[in-house]
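Undergrad: Attaching a single structure in structure tokens format; questions to follow.
The values are calculated or read from the model by the stated rules, or taken from the named source; none is laboratory data. A quick note: this is a predicted structure, and the numbers were derived from the prediction, not measured. Cβ coordinates were reconstructed from backbone atoms using ideal geometry, including for glycine residues, and neighbour counts include every protein chain displayed. Protein only, heavy atoms only, side chains kept; ligands, DNA and RNA dropped before computing areas. Shrake-Rupley method; radii C 1.70, N 1.55, O 1.52, S 1.80 Å.
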Amino acid sequence: VMDKTGTLTKGVFRVQQVVANNIEQNELVRVTAAIEKSSTHPVGRAIIEYAGNVADNARVEAVEEIAGHGLKGSVDGKEVLAGNLKLMKKYNVSYPSEVENVIDTIVVTAIDGQYAGYITIADEIKEDAKSAIEQMHGLNIKTVMLSGDKQTVVDNVAKQIGIDEAYGDLLPEGKVEK
């Protein structure tokens with residue numbers, strides 16, 4: 001049983017796409033990067049890196065991390081949510097249904113309770129991950145991958161490297177339980 005990020009994947013995330021809704025793309029990136037500066041999560045770091053210095057002058061206050069969901073806080077006096085779709089549902093933020101179909105890891109942002117868009121991030125599979133799984137299978141070892149990432153992302157990685165069972169959308173305590 002192994003975790004996905006950093007074990008089977010490099011844990012080096014890169015922004016793939018920015019999709020803004022009723023806001024300029026640069027503003028979506030600025031606001032999201034500003035709140036993510038409070039996070040140590042690799043996904044947040046990818047957004048900060050992508051943003052460069054555009055969020056340096058933002059006034060960020062009262063940021064709280066909501067485990068397994070994302071961040072809530074204030075950026076330049078506006079309430080900002082940045083995280084996964086579970087975070088949007090928790091705060092009753094409606095978003096277009098097609099957002100549910102995005103395969104990559106996604107950070108969805110809401111500003112003052114309104115859906116503002118999303119940023120997709122992808123991680124790379126380690127070069128030796130597939131051969132390591134094949135070697136374990138050669139020893140009749142069943143392989144299981146656990147992740148906090150979306151199930152679609154987890155299924156995609158599992159398929160590429162030959163994992164037997166893969167569970168996504170897990171909070172840290174869910175990983176322990178599995």
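Undergrad: With a 1.4 Å probe and every protein chain left in place, work out the accessible area per residue of the chain in Å², rounded to a whole number. Can you show the working numbers first?
TA: Numbers: 9470 Å² over 178 residues.
Accessible area per residue, the chain: 53 Å².
Undergrad: In whole percent, how big is the carbon plus sulfur part of the accessible area of the range 1-147, probe 1.4 Å, protein atoms only?
TA: On the way: 3400 of 7650 Å².
Result for the range 1-147: 44 percent of the exposed heavy-atom area is carbon or sulfur.
Undergrad: What do you get for the angle between helix 25-36 and the principal long axis of the chain? Use alpha-carbon atoms, 0 to 90 degrees, nearest ten.
TA: Between the helix axis and the principal axis of the chain, the angle is about 70 degrees.
Undergrad: Can you compute the modelled spin-label distance between K126 and Y91, with each label point 7 Å from Cα toward Cβ, in nm?
TA: 3.5
Undergrad: Still on this structure, please answer the following. At 1.4 Å probe size, with no ligands or nucleic acids counted, give the accessible surface of H41 in Å², nearest ten.
TA: Estimated to the nearest 10 Å², H41 gives 90 Å².
Undergrad: Considering every Cα-Cα pair within the range 1-97, what fraction, in whole percent, is farther apart than 24 Å?
TA: Working: 995 of 4656 pairs.
Of all Cα-Cα distances in the range 1-97, 21 percent exceed 24 Å.
Undergrad: Continuing with the same structure: On a 0 to 90 degree scale, rounded to 10, what angle separates helix 151-161 from the longest Cα axis of the chain?
TA: 40
Undergrad: Under a 1.4 angstrom probe, counting protein chains only, how are M2, M145, M136 ranked by accessible area, largest first?
TA: Details: M2 30, M145 0, M136 55 Å².
Of M2, M145, M136, the descending order of accessible area is M136, M2, M145.
Undergrad: Which residue, V1, A67, V18, has the largest displacement toward the positive end of the dipole of the range 1-78 when charges sit on each Cβ (Lys, Arg +1; Asp, Glu -1)?
TA: Toward the positive end, the furthest listed residue is V1.
Undergrad: Relative to the longest principal axis of the C-alpha atoms of the chain, give the angle of the C-alpha long axis of helix 129-138, reported between 0 and 90° and rounded to the nearest 10°.
TA: Taking Cα atoms only, the helix is inclined about 30 degrees.
Undergrad: If the only charges are +1 at each Lys and Arg Cβ and -1 at each Asp and Glu Cβ, what is the size of the charge dipole of the chain around the Cα centre, to the nearest 20 debye?
TA: Values: 19 positive and 27 negative charges, 28 e Å.
Charge dipole, the chain, about its Cα centre: 140 debye, nearest 20.
Undergrad: Per the Kirkwood definition applied to all pairs of different Cα atoms, how many angstroms is the hydrodynamic radius of the chain? Could you put the intermediate results ahead of the total?
TA: Values: mean 1/r = 0.0591 Å⁻¹.
Result for the chain stands at 16.9 Å.
Undergrad: Placing +1 at every Lys and Arg Cβ and -1 at every Asp and Glu Cβ, with all other atoms neutral, what dipole size does the range 125-166 have around its Cα centre, in debye to the nearest 20?
TA: Details: 5 positive and 7 negative charges, 9 e Å.
Roughly 40 debye for the range 125-166.
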